[in-house]
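Following: one structure in structure tokens, then a few remarks.
The values are calculated or read from the model by the stated rules, or taken from the named source; none is laboratory data. As the structure is a computational prediction, the values presented were derived from the model and not from experiment. When we count neighbours, we look across all protein chains shown, and the Cβ atoms used for this are built from the backbone with ideal geometry, even at glycine.
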Amino acid sequence: MTTTSIRPAPQTTILTRDFWASGADGVLRISRCDDCGAWNNPTPAACRRCRSRSLTMTPTSGRGTVVGVSVNHQHLVPSMPPPYVVAIVAIDEDDGARLTTNVVGCDVDDVVVGMRVRVRFEQASEHVWLPLFEPDPEAGGETGPVPEPDPASRRVRPPVSRRKFEDDVAITGVGQSRVGRRLMIDPVTLAVDAAERAVADAGLTMDDIDGLSTYPGWGPTGISEGGIMPLEQSLTIHPTWVNGGGDLPGQNGSIITAMLAVSAGLCRHVLCIRSVWQSTNSAMMRAGEIDPPSGRPEGMMESRGPYGAMSPATWIGCQASNYMHRYGVGREVLGAIAVTTRAHAGANPEAVYRDPLTMDEYMSARMVSTPFGLYDCDVPCDGAVAVVVSAIDAVADMDCEPVFVEAVGTQITEPLSWDQGTLHYLPQTIGPAAHLWSRTDLGPDDVDVGCIYDGFTFNALSWIETLGFCGAGEAADLIGDGSGIAVDGTLPLNPHGGQLSAGRLHGYGFVREAVLQLRGRGSGLQVPDARVAVATAGGGVPSGAILFRREG
């Protein structure tokens with residue numbers, strides 16, 4: 001069969017194939033629970049509300065409301081020339097059931113949060129009809145309802161024991177390889193460089209290391225050194241325990257897992273490693289030395305790829321649009337984050353970008369995916385960071401500067417999705433933030449430095465509010481012109497420049513900077529007398545947070 005669709009057909013599954021086929025007659029059907037009436041999307045095996053297994057593909061009105069929107073300006077799909085609108089649409093029957101889609105039939109700049117839309121279908125393959133949406137002519141210009149934040153997302157379980165595994169461990173060493181753009185260095189070499197420096201920083205030798213943890217283990221080219229196998233082949237430490245998992249509470253989940261292994265007595269010194277070589281990988285793909293990924297969108301991309309939503313910039317841009325609509329703020333607050341952390345990077349000789357950035361330059365830069373421009377996005381780079389987690393009873397005999405772990409935040413409290421859960425923040429920041437504070441007597445006012453994940457400026461804004469440094473919608477007041485997040489401000493933010501300017505080291509760079517700050521040895525600017533630091537990781541789902549402290 002021949003179609004004229006410019007959109008790639010997804011790889012359907014046994015669960016989802018009825019959804020993709022249902023538009024053959026022009027009717028949008030979504031899975032509905034026969035017991036509680038909740039609508040569910042993407043199609044699950046059990047109801048999201050009552051866990052019933054009795055689900056039926058049920059016709060809808062085909063109408064809904066745009067609750068998040070991003071205009072993509074990148075040429076991510078060869079057949080889909082930008083700009084085009086990626087939106088999250090909540091169906092009228094249940095605003096908890098949403099679709100990532102394209103809004104068509106109007107100018108891209110006309111699509112806003114609250115816009116009323118109706119479905120139209122485009123056939124992408126013999127058995128796939130893609131639900132698109134267009135402005136609803138019967139809406140008469142009226143806007144639709146936008147879901148309110150779910151208070152349940154802040155509910156956390158109380159600690160199951162008074163004993164805290166965090167008290168059993170310390171961070172004794174950190175190390176970083178050379179970091180830069182297109183270094184053309186093998187990622188395992190970068191990992192070994194960082195590992196050797198971290199182990200030496202801990203006052204240990206490789207023979208002392210009995211645990212090995214990496215993230216995400218074996219993974220897509222460019223974002224991993226390849227996992228445990230190539231690391232052990234190079235390090236030959238013969239570990240008694242290893243971890244190479246990717247489904248963890250953010251990138252620093254591999255460090256938290258190491259803490260648990262040490263607390264359980266499996267090992268005494270775990271070497272944790274995070275390696276990236278996205279910059280070199282991209283250069284090699286452009287040169288034809290590495291084949292780009294191919295195939296039909298599948299897995300988490302099944303419901304996004306057909307609409308050209310290939311980048312986290314677009315997914316997170318939808319959440320940012322909801323936040324801006326809800327709280328009436330503009331891009332200036334995001335710009336203040338980018339400009340201020342660039343100023344911090346100027347003092348860091350390791351940072352990828354150190355030249356000053358002005359607000360005018362920020363506002364006039366090319367758009368990536370609204371509301372994000374070039375300087376809202378972190379910097380792909382090559383580099384590796386290593387962290388040594390040691391047993392607390394080993395610290396006294398070590399020649400190191402230990403940093404102690406006060407608490408971790410790992411709980412999931414909302415749907416693990418980019419479009420079904422929280423709309424007004426980066427997904428999976430609320431749960432880990434609330435969980436963190438449930439495991440300590442300290443609070444946001446005790447934090448001296450925030451090493452906060454900034455894959456995009458909005459990621460940092462989300463963490464600032466969910467961690468409680470200010471109230472919902474109040475980040476603009478805290479940040480101000482940037483002075484509120486400067487090194488001498490209310491919340492010193494990413495003194496090393498963060499991923500926005502120092503380079504995308506995917507979470508581990510924040511742990512290293514937190515440790516250096518608490519030692520009084522910041523990689524650039526130093527926050528005076530820093531005693532408590534928070535480090536977060538995860539550019540979406542899932543995510544995690546760690547609270548560090550120094551003693552003495």
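Counting just the residues of region 459-487 that are in contact (Cβ under 8 Å) with a residue 40 or more places away in the chain and assigned to a loop (DSSP other than H, G, I, E, B), which one comes out nearest to the chain's Cα centre (by Cα)?
For region 459-487, the residue satisfying everything is Leu467.
Within the group Gly211, Gly217, Gly203, which residue is under 26 Å from the mean Cα position of the chain (by Cα) and either within 30 Å of Gly431 (Cα to Cα) or assigned by TED's automatic domain parsing to the domain that holds Arg519 (or both)?
Step by step, each of Gly211, Gly217, Gly203 is checked, and only Gly217 is under 26 Å from the mean Cα position of the chain (by Cα) and either within 30 Å of Gly431 (Cα to Cα) or assigned by TED's automatic domain parsing to the domain that holds Arg519 (or both).
Being assigned to a loop (DSSP other than H, G, I, E, B), over 17 Å from the mean Cα position of the chain (by Cα) and closer than 28 Å to Leu416 by Cβ narrows it down to one residue among Gly222, Gly245, Gly226; which is it?
Of Gly222, Gly245, Gly226, the one residue that is assigned to a loop (DSSP other than H, G, I, E, B), over 17 Å from the mean Cα position of the chain (by Cα) and closer than 28 Å to Leu416 by Cβ is Gly226.
Go through region 299-340 and give me each residue that's closer than 30 Å to Ser79 by Cβ, part of a loop (DSSP other than H, G, I, E, B) and of a type in the set (A, V, I, L, M, F, W, C).
If the condition is that a residue be closer than 30 Å to Ser79 by Cβ, part of a loop (DSSP other than H, G, I, E, B) and of a type in the set (A, V, I, L, M, F, W, C), then Ala309, Met310 are the ones that fit.
Whether any residue in region 285-297 is crowded, with 23+ Cβ neighbours inside 10 Å and among the polar types (S, T, N, Q) is what I want to check.
no
Hey, among the residues in region 19-63 that are among the charged types (D, E, K, R) and more than 28 Å from the chain's Cα centre (by Cα), which one's farthest from Glu302 (Cα to Cα)?
By that ranking, first place goes to Asp35.
Among the candidates Gly62, Gly114, Gly68, which residue alone is surrounded by 22 or more Cβ atoms within 10 Å (Cβ to Cβ) and of a type in the set (Gly, Ala, Ser)?
Gly68
So Arg304 clears everything in (1) within 24 Å of Ala124 (Cβ to Cβ); (2) out of contact with any helix residue (DSSP H, G or I) (no Cβ under 8 Å at 6 or more places or on another chain) except one condition, right? Which one?
(2) is the only condition that Arg304 fails.
Since Gly295 meets every condition but one in (1) in a loop (DSSP other than H, G, I, E, B); (2) closer than 19 Å to Val66 by Cα; (3) not hydrophobic (A, V, I, L, M, F, W, C), which condition does it not meet?
Unmet condition: (2).
State whether one or more residues within region 269-278 are out of contact with any helix residue (DSSP H, G or I) (no Cβ under 8 Å at 6 or more places or on another chain) and either closer than 23 Å to Ala202 by Cα or of a type in the set (Asp, Glu) (or both).
Among the residues of region 269-278, not one is out of contact with any helix residue (DSSP H, G or I) (no Cβ under 8 Å at 6 or more places or on another chain) and either closer than 23 Å to Ala202 by Cα or of a type in the set (Asp, Glu) (or both), which makes the answer no.
Answer with yes or no whether Asp193 is touching a residue at least 24 places away in the same chain (Cβ under 8 Å), assigned by TED's automatic domain parsing to the domain that holds Ser523, farther than 28 Å from Pro427 by Cβ and among the acidic types (Asp, Glu).
Against the criterion (touching a residue at least 24 places away in the same chain (Cβ under 8 Å), assigned by TED's automatic domain parsing to the domain that holds Ser523, farther than 28 Å from Pro427 by Cβ and among the acidic types (Asp, Glu)), Asp193 qualifies.
Under 9 Å between Cβ atoms, which residue pairs at least 6 apart in sequence (or on different chains) link something in region 531-544 that is in the same structural domain as Leu436 (by TED's automatic domain parsing) and at pLDDT 95 or above with a partner that is surrounded by fewer than 24 Cβ atoms within 10 Å (Cβ to Cβ) and acidic (Asp, Glu)?
Correct list of pairs: Arg531/Asp446; Arg531/Asp448; Arg531/Glu551; Val532/Glu406; Val532/Asp446; Val532/Asp448; Ala533/Asp448.
Among the numbered criteria (1) surrounded by fewer than 23 Cβ atoms within 10 Å (Cβ to Cβ); (2) assigned to a helix (DSSP H, G or I); (3) in contact (Cβ under 8 Å) with a residue 12 or more places away in the chain, which one does Asp360 miss?
Going through the list (1) surrounded by fewer than 23 Cβ atoms within 10 Å (Cβ to Cβ); (2) assigned to a helix (DSSP H, G or I); (3) in contact (Cβ under 8 Å) with a residue 12 or more places away in the chain, Asp360 breaks only (3).
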